[in-house]
Amino acid sequence: MNARFKAGTATVSATETRVFHRHLQQSFPVAVRGEGIALIDAAGKRYLDASGGAAVSCLGHGHPDVIAAMHAQLDRLAYAHTSFFTTEVAEQLADNLIANAPEGMGQVYFVSGGSEAVEAALKMARQYFVEIGQPQRRHFISRRQSYHGNTLGALAVGGNQWRRAQFEPILIDVTHVAPCYEYRDRLADETPVAYGQRLVRELADTIERLGADQVMAFVAETVGGATAGVLTAVPGYFKGVRELCDAHGILLILDEVMCGMGRTGTLHACEQEGVSPDLMAIAKGLGAGYQPIGAVLAQTKLVDVFRKGSGMFQHGHTYLGHPMACAAALAVQQVIERDGLLAQVQARGQCLEDTLQAQFGTHQHVGDIRGRGLFWGIELVEDRATKQWFDPAQRLHAKIKSEAMKRGLMVYPMGGTLDGKRGDHVLLAPPFISTEAEVVEIVSRLHESVNAAIGLSRVN
């Protein structure tokens, strides 16, 4: 065993670890066990997982049915490359997903995570237009402050300027339009519907400027996730987008990597918008963290073009359709259906909303509380009346995370809510199995953590 790390070590410091962590000046507690909605570190401290990691662990930790399915699959077959074989479990998972997919979806392309899913969807869009004889289409349009992943294509369509900045010279050119950010951008004399129509007109103007026959797809998170703090669309917005795309032969790609697979109270977030995309990226809650897996759901009409044309999708990964990952994901979906967890997400979501409103609804430093199901965000402000953000130099979001961890609470705070630099929010995405008592406890600890962090900011 590496002398730098021994079993039972409670915390690994930044100077001791051989792991190339994403944060290189930070020490990490060592997670050793998971039980229900809690993670336990090597010192025995329990943390309520109120964010599901990054909205991943929808069934919590150590679910016996998922673990049993993985063991059974391992006993049968751990790996078979998809250029040689399909597998029973991949076929079963695909059947399950399509049976519950938005209208028109016919095939599933498996990958290993959300960034890969978005990347695959972008390439599907490009190949589709090549296959139908429209190779001149080369533009993607997406939204500012969106997050679609960290691979180069996904990063390019993402609209978080801070994440993009240093990689800008090697990113494809993507046009970004305004997000649906009602709290900040809807005018005082503007109805929610009128605001949504204004955003659709902006998209229409952008398409016209680029040339309708030059645009491949519009890419959007159905509910804005990590970088924007759970932005929900106003009524009619996505229907307007869908109609606009159809009018110009443009594909609609929805990214439901974070907000999908039951997180908002329906299996797919787009169900609540009354639209069906051409391509949809899913991940995170698909496998609930038990195995790395993502997927693209594709309309049959698109896949038929590939089938009748080149007969292939010019793309692939070593671990796509991995049997162990598919077994875990299938078990997750079966548990959600068997245990009625979508209804529970709705019920616990109402409890979470009510508790957030009770604790933060009049809080002088909480400007907005927004979300659906078990997917909620609170936006922090220096001044509630003016919506003025905290000075980014205070790194309020980081202080909230630190204070929450001290209190045995995992939440997902982020800075740069407005534009990658300004603004702070906290994202909550507790497991679907959470009890009402656990939801109340989560919000109570968050309230303490926010107040403590703001107090530290005042001192500093």
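Every number here is computed from the coordinates shown, using simple stated rules; none is lab data. None of these values were measured; they are calculated from a predicted model. Here Cβ is always computed from backbone atoms with ideal geometry, including for glycine, and neighbour counts include all displayed protein chains.
Worth pointing out:
- Along principal axes, Cα extents of segment 66-338, largest first, whole Å: 61, 40, 38
- Cα centroid separation - segment 232-300 against segment 390-457, whole Å: 27 Å
- Cα-based convex hull, segment 146-200, per residue volume (Å³, whole number): 87 Å³
- Using the Cβ-Cβ distance between Ala43 and Glu436 with R0 set to 30 Å, the FRET efficiency from 1/(1 + (r/R0)^6) comes to roughly 0.55.
- Extension gain, Arg33 to Ala7, is 8.0 nm, computed as 0.36 nm per intervening residue step minus the present C-alpha separation.
- Under 18 Å from the Ser444 label point (7 Å along Cα→beta-carbon), backbone N, segment 387-417: 404-411
- For the chain, a crude dipole built from +1 on the beta carbon of Lys and Arg and -1 on the beta carbon of Asp and Glu, taken about the Cα centre, is about 1240 debye to the nearest 20.
- Cα-based equivalent ellipsoid of segment 3-91: semi-axis lengths in Å, sorted from largest, via gyration tensor: 31, 19, 14
- Diffusion of segment 363-460 by Stokes-Einstein, at 10 °C in a medium of 1.306 mPa s and with Rh set to the Kirkwood radius over alpha-carbon pairs, works out to 117 µm²/s.
- Label-point separation, Arg76 to Ile98 (7 Å along Cα→Cβ), nm: 1.9 nm
- Listed peptides 271-282, 17-28, 114-125 by packing density, highest first (mean Cβ within 10 Å): 114-125, 271-282, 17-28
- Per-residue [θ]222 nm for the chain (sum of -39500 (n - 2.57) over DSSP H runs n ≥ 4, rounded to 500): -11500 deg cm²/dmol
- Members of Lys239/Lys301; Lys239/Lys401; Lys239/Lys387; Lys45/Lys399; Lys399/Lys421 lying beyond 27 Å, as alpha-carbon distances in this model show: Lys239/Lys401; Lys239/Lys387
- By average C-beta atoms within 10 angstrom, highest first, the peptides 58-67, 353-362, 302-311: 58-67, 353-362, 302-311
- Cα gyration tensor category, rounded, prolate or oblate, for the chain with a/c compared to 1.5: oblate
- Computed from phi, the 3J(HN,Hα) profile of segment 344-356 under the Karplus parametrisation 6.51, -1.76, 1.60 (θ = phi - 60°) reads 5, 4, 4, 5, 5, x, 5, 4, 5, 4, 4, 5, 4 Hz, with x in place of Gly and Pro.
- Rounded to the nearest 20 debye, the dipole size of segment 366-454 about its Cα centre is 200 debye, using +1 on the Cβ of Lys and Arg and -1 on the Cβ of Asp and Glu.
- Gain in span if fully extended, Thr86 to Arg138, counting 0.36 nm per residue against the direct Cα distance: 15.4 nm
- Using the Karplus relation 6.51 cos²θ - 1.76 cosθ + 1.60 with θ = phi - 60°, the per-residue 3J(HN,Hα) values for segment 102-107 come to x, 3, x, 6, x, 9 Hz, with x marking Gly and Pro.
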